[in-house]
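Heads up: the structure comes next, in structure tokens.
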Amino acid sequence: MTKTNRYAAAGVKLDTAEETKRRIAKLVSATRTSLARGQVGGFGGMVRVPDGYKKPVLVMSTDGVGSKVLVAAAAGIHDTIGEDLVNHSVNDILVHGATPLAFLDYIAAGNLVPEIAEQIVAGVARGCRAHDMTLAGGETAQMPDLYQPGHYDLAGSIVGVVEEDAALHGDRVAAGDQLIGFASTGLHTNGYTLARRIVFESMKLKIDDPFPEIGQAVGQVLLAVHRSYAPALRPVLGEVHALAHVTGGGIAGNLVRLLPTGVEAVVDAGSWPWPPLFRVLMRAGQVGRDEMRRVFNLGVGMIAVVGRDDVEDVVRAAQRTQVPAWIIGEIRSTRASSAATVRFEER
């Protein structure tokens, strides 16, 4: 037995890895923008900072799609989670006012399946092209001792740029500012550990069964693509005081991250409609309202903090991109030394 065969016998197939890389290279090449430098397949990806910035600041973020990959594997649909990953990452740097420049992905599996890896990266590439962003490279890893057969993980890193003076930090937030909630498309990429347990264990649903109150298949509902808010918000970023991407931790856990001391965010709990998905999960899983708020986005995927005079412009910009938006609360003063808080107000 040769050394190569010993590696294969241990579960790592180098020929499969090479075929996977060959397929991915075509997808990566199709995302290259005018800022891309270097060669596809190099040890590092390169992009040039765009012209016109006086004090460019690079904004970076890393994230994954969590156990949503298990739903993708069960449904046999692997391209949408790649798009999820890109949109989630774009939203994370959009919160700071940044424009995306480049993306890197990471796929790890017990054994790579070239067709599946190709589908995943096809979704990543689609998301990159939608944001005029270069897929600068990535990594594929085979670890049969770590991942069960048929399982894989997906993560990515993004690099964006913003003018230093235009970066959003939350320091402009003040009492009287309004909270505008932008509609999510579903679970996005958070809360899947609980959602899967409710749907597949408590409700005993299969991936192709119709989801109650919605009519679409379970797989379609749970794999709805994480929305990018860049088209809705980029035209009005100059009017926005701060942004909160509603991911793990829900509305309160993410909104509090942008608040200065001496204020509280008061959220009107009845100011937007809960999508049926969340009502079903709450009822079928017997989940309390407080836990629902901590785990899920409840139909609000992004929150903008804006001055009263700018509310109409920001809402109108969302409507132009077919994103429903609502005034969901306001910023109020507290004691100057008080830590920032988020409070839900029931009416």
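Is one or more of the residues making up the stretch 38-55 surrounded by fewer than 23 Cβ atoms within 10 Å (Cβ to Cβ), within 26 Å of F296 (Cα to Cα), touching a residue at least 40 places away in the same chain (Cβ under 8 Å) and not hydrophobic (A, V, I, L, M, F, W, C)?
Scanning the stretch 38-55, I find no residue that is surrounded by fewer than 23 Cβ atoms within 10 Å (Cβ to Cβ), within 26 Å of F296 (Cα to Cα), touching a residue at least 40 places away in the same chain (Cβ under 8 Å) and not hydrophobic (A, V, I, L, M, F, W, C), so the answer is no.
Write out, first by first residue and then by second, each pair whose Cβ atoms fall under 6 Å of each other, whose residues are 6+ apart or on separate chains, and whose first residue, in the stretch 306-321, is among the charged types (D, E, K, R) while the second is surrounded by 12 or more Cβ atoms within 10 Å (Cβ to Cβ) and part of a helix (DSSP H, G or I).
So the pair list comes out as D310/E239; D313/V236; D313/E239.
Can you name the strands (runs of 3 or more DSSP E) wholly within the stretch 230-347 that have at least 3 residues being out of contact with any helix residue (DSSP H, G or I) (no Cβ under 9 Å at 6 or more places or on another chain)?
Details: elements: 240-245, 263-268, 300-306, 325-333, 341-345.
It comes to 263-268, 325-333.
Considering every residue within the stretch 235-256, establish whether at least one is in contact with a Gly (Cβ under 6 Å, 6 or more places away or on another chain) and within 19 Å of A167 (Cβ to Cβ). Working first, answer last.
At the first step, the residues of the stretch 235-256 found to be in contact with a Gly (Cβ under 6 Å, 6 or more places away or on another chain) are 237, 242, 246.
Then keep just the ones that are within 19 Å of A167 (Cβ to Cβ); that gives 237, 242.
Checking the stretch 235-256: at least one residue is in contact with a Gly (Cβ under 6 Å, 6 or more places away or on another chain) and within 19 Å of A167 (Cβ to Cβ).
Which of the helices (runs of 4 or more DSSP H) found entirely inside the stretch 67-134 contain at least 1 residues meeting this: of a type in the set (S, T, Y) and touching a residue at least 40 places away in the same chain (Cβ under 8 Å)? Write out each step before concluding.
Working: elements: 68-75, 80-94, 114-130.
In the stretch 67-134, the matching helices (runs of 4 or more DSSP H) lie at 80-94.
Answer with yes or no whether P235 is within 24 Å of the chain's Cα centre (by Cα), at negative phi, surrounded by fewer than 17 Cβ atoms within 10 Å (Cβ to Cβ) and outside the structural domain of G52 (by TED's automatic domain parsing). Don't jump to the end; show me each part of the working.
Numbers: within 24 Å of the chain's Cα centre (by Cα): yes; at negative phi: yes; surrounded by fewer than 17 Cβ atoms within 10 Å (Cβ to Cβ): yes; outside the structural domain of G52 (by TED's automatic domain parsing): yes.
Considered against the rule, which asks whether it is within 24 Å of the chain's Cα centre (by Cα), at negative phi, surrounded by fewer than 17 Cβ atoms within 10 Å (Cβ to Cβ) and outside the structural domain of G52 (by TED's automatic domain parsing), P235 comes out as yes.
Evaluate the following for G156: is it surrounded by 14 or more Cβ atoms within 10 Å (Cβ to Cβ) and within 18 Å of the chain's Cα centre (by Cα)? So that I can check it myself, show each step before the final result.
Values: surrounded by 14 or more Cβ atoms within 10 Å (Cβ to Cβ): yes; within 18 Å of the chain's Cα centre (by Cα): yes.
Spelling it out, G156 is indeed surrounded by 14 or more Cβ atoms within 10 Å (Cβ to Cβ) and within 18 Å of the chain's Cα centre (by Cα).
Looking only at the stretch 242-263, which residues are over 26 Å from R196 (Cα atoms) and crowded, with 20+ Cβ neighbours inside 10 Å? Working first, answer last.
Pass one, the stretch 242-263, residues over 26 Å from R196 (Cα atoms): 242-243, 256-263.
Passing the criteria: A242, L243, L258, L259, V263.
Would you tally the residues in the stretch 68-116 being of a type outside the set (S, T, Y) and farther than 30 Å from H241 by Cβ?
We begin by selecting, within the stretch 68-116, every residue of a type outside the set (S, T, Y); these are 68-79, 81-88, 90-98, 100-105, 107-116.
Subset that is farther than 30 Å from H241 by Cβ: 68-79, 81-82, 104-105, 107-116.
Residues that pass the stated criteria total 26.
Exactly one condition in (1) assigned by TED's automatic domain parsing to the domain that holds V306; (2) on the phi < 0 side of the Ramachandran plot; (3) in contact with a helix residue (DSSP H, G or I) (Cβ under 9 Å, 6 or more places away or on another chain) is not met by E201; state its number.
(3)
For the stretch 142-160, check the following and say yes or no: at least one residue is assigned to a strand (DSSP E or B), under 28 Å from R316 (Cα atoms) and touching a residue at least 40 places away in the same chain (Cβ under 8 Å). Talk me through it step by step, then tell me what you get.
Of the stretch 142-160, the ones assigned to a strand (DSSP E or B) are 142, 152-160.
Now restrict to residues that are under 28 Å from R316 (Cα atoms): 160.
This time we only want the ones that are touching a residue at least 40 places away in the same chain (Cβ under 8 Å), so: 160.
Within the stretch 142-160, one or more residues are assigned to a strand (DSSP E or B), under 28 Å from R316 (Cα atoms) and touching a residue at least 40 places away in the same chain (Cβ under 8 Å).
Can you name the condition, by its number, that L205 falls short on among (1) surrounded by fewer than 22 Cβ atoms within 10 Å (Cβ to Cβ); (2) assigned to a helix (DSSP H, G or I); (3) hydrophobic (A, V, I, L, M, F, W, C)?
So the condition that L205 fails would be (2).
Does L222 satisfy the criteria of being more than 23 Å from the chain's Cα centre (by Cα) and more than 16 Å from G170 (Cβ to Cβ)?
On the way: more than 23 Å from the chain's Cα centre (by Cα): no; more than 16 Å from G170 (Cβ to Cβ): yes.
Considered against the rule, which asks whether it is more than 23 Å from the chain's Cα centre (by Cα) and more than 16 Å from G170 (Cβ to Cβ), L222 comes out as no.
Could you identify the single residue in G76, G66 that is out of contact with any Cys (no Cβ under 9 Å at 6 or more places or on another chain) and surrounded by 14 or more Cβ atoms within 10 Å (Cβ to Cβ)?
On the way: G76 fails: surrounded by 14 or more Cβ atoms within 10 Å (Cβ to Cβ).
Being out of contact with any Cys (no Cβ under 9 Å at 6 or more places or on another chain) and surrounded by 14 or more Cβ atoms within 10 Å (Cβ to Cβ) holds for just one of G76, G66, which is G66.
Confirm whether V57 is part of a strand (DSSP E or B) and of a type in the set (V, I, T).
Details: part of a strand (DSSP E or B): yes; of a type in the set (V, I, T): yes.
When the stated conditions are applied, V57 passes them.
The values are calculated or read from the model by the stated rules, or taken from the named source; none is laboratory data. Note that the structure is predicted; figures quoted are calculated from it, not measured. Using ideal geometry, Cβ is built from the backbone for each residue, glycine included, and neighbour counts are taken over all protein chains shown.
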